[in-house]
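Nothing in this text is a laboratory measurement; each read-out follows from the coordinates by a stated rule. The structure presented is a predicted model; accordingly, all values stated were derived computationally and were not measured. Cβ: placed from backbone, ideal geometry, glycine included. Neighbour counts: every protein chain shown.
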């Protein structure tokens, strides 16, 4: 998805078309990028919406109307201490909303000065699959992925990852899938943001064996992929690397 800078009304309209295409294609879950309503703006005091605000209400209406689960990135208020939070929301067709707060604000962009860090990893049940969300910079940290691996069929990473580091994005998506023997879906924006950064997208779904099942770059589009928990279980049975972890020995 391309994002209109700090313009949630325009982004609702743009996302509505994409979500309709996903639902028409038979999707159970659709994923929108990090901060899809505004772009990756550090003006959190101005752009962050309260829980129950216009974008959450809009997502609930769309999810209900399309019979679709939606994961979407959104800057929201409400963190202890007054800073907003860079959240990923799961909105279900029955209107319920769950949240994951980005664990690792991107300090190079001073995100840590404008947004509060999350404090825990969460996993959601979506249409029979165990889905663990992560947000952009979280992808660089293997620890939360490994923590959740045993209880996860698919990691979903929503992002505003710039083109200048696209090789990192591509490599880390594949690495997280291979090392945890599960699906990884990376959903990144395309286009230019208000900070002068270009985004190539490179949205992709990687299989538990490291195969790219679908990908797209530089265009706004919808990718449809089947995620099967049985494939994850089979991969882990055939190649039981997770059973050989030695956490007691991971120390100096």
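Please list 84-90, 32-38, 158-164 highest first by mean number of surrounding beta-carbon atoms within 10 Å per residue.
Ranked from most to least packed, the peptides come out as 32-38, 84-90, 158-164.
Relative to the first principal axis of the alpha-carbon coordinates of the chain, what is the inclination of helix 8-24, with its axis defined by its Cα atoms, in degrees from 0 to 90 and to the nearest 10?
For helix 8-24, the angle is close to 50 degrees.
Hey, got the Cα dimensions of the range 60-194 along the principal axes, in Å, largest first?
Taking the Cα atoms of the range 60-194, the three principal extents are 38, 38, 30 Å.
Do you know the relative contact order of the range 1-133, to the nearest whole percent, from alpha carbon pairs under 8 angstrom that are 6+ apart?
Dividing the mean separation by the residue count of the range 1-133 yields 20 percent.
Please report Rg (one decimal) and Dmax (integer) in Å for the Cα set of the range 1-56.
Both quantities, over Cα of the range 1-56: 12.1, 38 Å.
Modelled label-to-label distance, residue 171 and residue 242, 7 Å Cα→beta-carbon offset: nm?
2.6 nm
Please compute the modelled spin-label separation between residue 252 and residue 125, points set 7 Å along Cα→Cβ, answer in nm with one decimal.
4.3 nm
Rounded if a/c is under 1.5, else prolate if a/b is larger than b/c, else oblate: which is the range 184-224, with a ≥ b ≥ c the root eigenvalues of its Cα gyration tensor?
prolate
Could you estimate the translational diffusion coefficient of the range 6-130 from the Stokes-Einstein equation, with Rh from the Kirkwood formula over C-alpha pairs, at 25 °C and 0.890 mPa s, in whole µm²/s?
Using the Kirkwood radius from Cα pairs, D works out to 166 µm²/s.
Between residue 164 and residue 140, what is 0.36 nm times their sequence separation minus the Cα-Cα distance? Round to one decimal in nm.
Here the segment from residue 164 to residue 140 would lengthen by 7.1 nm.
Below 8 Å between Cα atoms, with a sequence gap of 6+, how large is the relative contact order for the range 52-211 in percent?
Once normalised by length, the contact order is 14 percent.
Which of the peptides 196-206, 215-225, 6-16 is most tightly packed, and how do the rest follow, going by the mean number of other Cβ atoms within 10 Å of each residue?
Descending mean neighbour count gives 196-206, 6-16, 215-225.
Based on the mean of other beta carbon atoms within 10 Å per residue, what is the order of 48-60, 67-79, most packed first?
67-79, 48-60
Would you calculate the separation in nanometres between label points at residue 57 and residue 18, each defined as 7 Å from the Cα along the Cα-to-beta-carbon direction?
About 2.4 nm, to one decimal.
Work out how much length residue 94 to residue 150 would gain on full extension: take 0.36 nm times their residue separation and subtract the Cα-Cα distance, in nm to one decimal. Working shown, then result.
On the way: separation 56, 0.36 × 56 = 20.16 nm, distance 2.78 nm.
Stretched fully, the residue 94-residue 150 segment lengthens by 17.4 nm.
Report the full-extension gain for the segment residue 211 to residue 107: residue separation times 0.36 nm, less the Cα-Cα distance, to one decimal in nm.
Here the segment from residue 211 to residue 107 would lengthen by 34.3 nm.
With n ≥ 4 as the cut-off for DSSP H runs, can you work out [θ] at 222 nm for the chain, using -39500 (n - 2.57) per run divided by the number of residues, rounded to the nearest 500?
-8000 deg cm²/dmol
Counting only Cα, what are the radius of gyration and maximum Cα-Cα distance Dmax of the range 8-245, in Å?
Just the Cα atoms of the range 8-245 yield Rg and Dmax of 16.7, 51 Å.
Helix 54-66 versus the longest principal axis of the chain: what angle, 0 to 90°, nearest 10, using Cα atoms?
It is inclined by approximately 60 degrees.
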